[in-house]
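The values are calculated or read from the model by the stated rules, or taken from the named source; none is laboratory data. Values in this document were obtained by computation on a predicted structure and should not be read as measured data. Cβ: placed from backbone, ideal geometry, glycine included. Neighbour counts: every protein chain shown.
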Amino acid sequence: MDGIHVLQRVVEAVNECLSECAVVGIPPPKHPLGTIDVLKVINKGSAQGGPKGKFWVLDPVDGTLGFVRGDQYAVALALIADGEVVLGVLGCPNFPMKKVWLNYHHRYYRLASKLHPPSSDLWHKGFVLIAKKGAGQAWMEPLAWNLQGSHIVKIFKAVKVSLIDDPAEATFCEPVEKANSSHSFTAGVADSLGLRKHPLRVYSMAKYAAIARGDAEIFMKFAKAGYKEKIWDHAAGVLIVQEAGGVVTDAGGQPLDFSKGRYLEGLDRGIIASSGKRLHEKLLAAVEESWDSSSL
Ligand SMILES: Nc1ncnc2c1ncn2[C@@H]1O[C@H](COP(=O)(O)O)[C@@H](OP(=O)(O)O)[C@H]1O
Ligand SMILES: [Mg+2]
């Protein structure tokens, strides 16, 4: 598709979404938006972040590699007010309801669904997670479609982190790409912590969704020294995990700081998330133990 066709498709998609906004209680615009209107809105996306004011943070396709490979990806939106994430929305269209399928590339899931099609009214993959700071709850809306291809809005379901706090029972997830996070370092941490299960390697912020929904207990990301984590790759997921009852910090145990602009400045080594305080403390200790002998 060339640029002009992509633009046309974007304008159509925007208008398709706007035509459905009454579903969530927002009056639709009187006329469809034109190309210039849509471009003007896109151009507004120039905020530099920082400690004051309110701004939205959007990662339209997080886990780009997962998306182009037909596997897991996420659409992530967060609202940051005075440096704090106050609202998080995370769409994971390919996320399977049966967690065992997270271990496999999504193409196998699609193949299995062709061989044994799920009944048309059965929701089996895809959702949007939502959390508001301080609510002490995160919510999941299934992405379910009827035979006509319309989105069936169902009631939001509360999601909660897993209750497992024994490392021997816990599942840890990490990026698929070892260029994005050191698999050898996390293998050392897993060993020191006493994790027994194989790591669950998943593209994108779908990993935060897995923790918030209780499909996994630990997430670790240790990028190469010098890589600067971006706020849009974490904001929505961090809030959703926290409101679902989990904990997210850097490797020094400090909360991630969303008030320093576009990057998570001052991040100590890596990002770790877990389903609860007890497990998190053990995880921090295991990271410390493994750090000195690592080459990161
Ligand atoms: N060298 C690197 N080290 C760490 N993270 C990286 C990286 N290069 C890209 N990333 C980030 O890792 C994200 C993907 O996460 P994951 O590896 O968990 O799937 C990318 O998001 P995008 O795909 O939105 O660009 C990108 O922001
Ligand atoms: Mg991203």
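Could you list, in sequence order, the residues of the range 217-229 that are within 16 Å of ligand 2 (Cβ to nearest atom), surrounded by 15 or more Cβ atoms within 10 Å (Cβ to Cβ) and either of a type in the set (D, E, K, R) or closer than 21 Å to GLY91 by Cβ (or both)?
Across the range 217-229, the qualifying residues are PHE219, LYS221, GLU229.
Please report, ordered by residue number, the helices (runs of 4 or more DSSP H) entirely within the range 206-296 with at least 1 residues that are within 16 Å of ligand 1 (Cβ to nearest atom) and touching a strand residue (DSSP E or B) at 6+ places or on another chain (Cβ under 6 Å).
Filter on the range 206-296 gives 206-213, 235-243.
Tally time: how many residues in the range 56-100 are of a type in the set (Phe, Trp, Tyr) and surrounded by fewer than 16 Cβ atoms within 10 Å (Cβ to Cβ)?
Matching residues across the range 56-100 total 1.
Of the conditions (1) away from ligand 2 (no atom under 16 Å from the Cβ); (2) closer than 15 Å to VAL161 by Cβ, LEU193 fails just one. Which one is it?
(2)
Pairs needed: first member in the range 163-186, within 25 Å of GLY245 (Cα to Cα) and within 13 Å of ligand 1 (Cβ to nearest atom); second member anywhere, in a loop (DSSP other than H, G, I, E, B) and of a type in the set (Val, Ile, Thr); C-beta distance under 6 Å; at least 6 residues apart or different chains.
Hits for this filter: CYS173/VAL202.
Within the range 153-175, does at least one residue satisfy the condition of being at pLDDT below 95 and touching a Leu at 6+ places or on another chain (Cβ under 8 Å)?
yes
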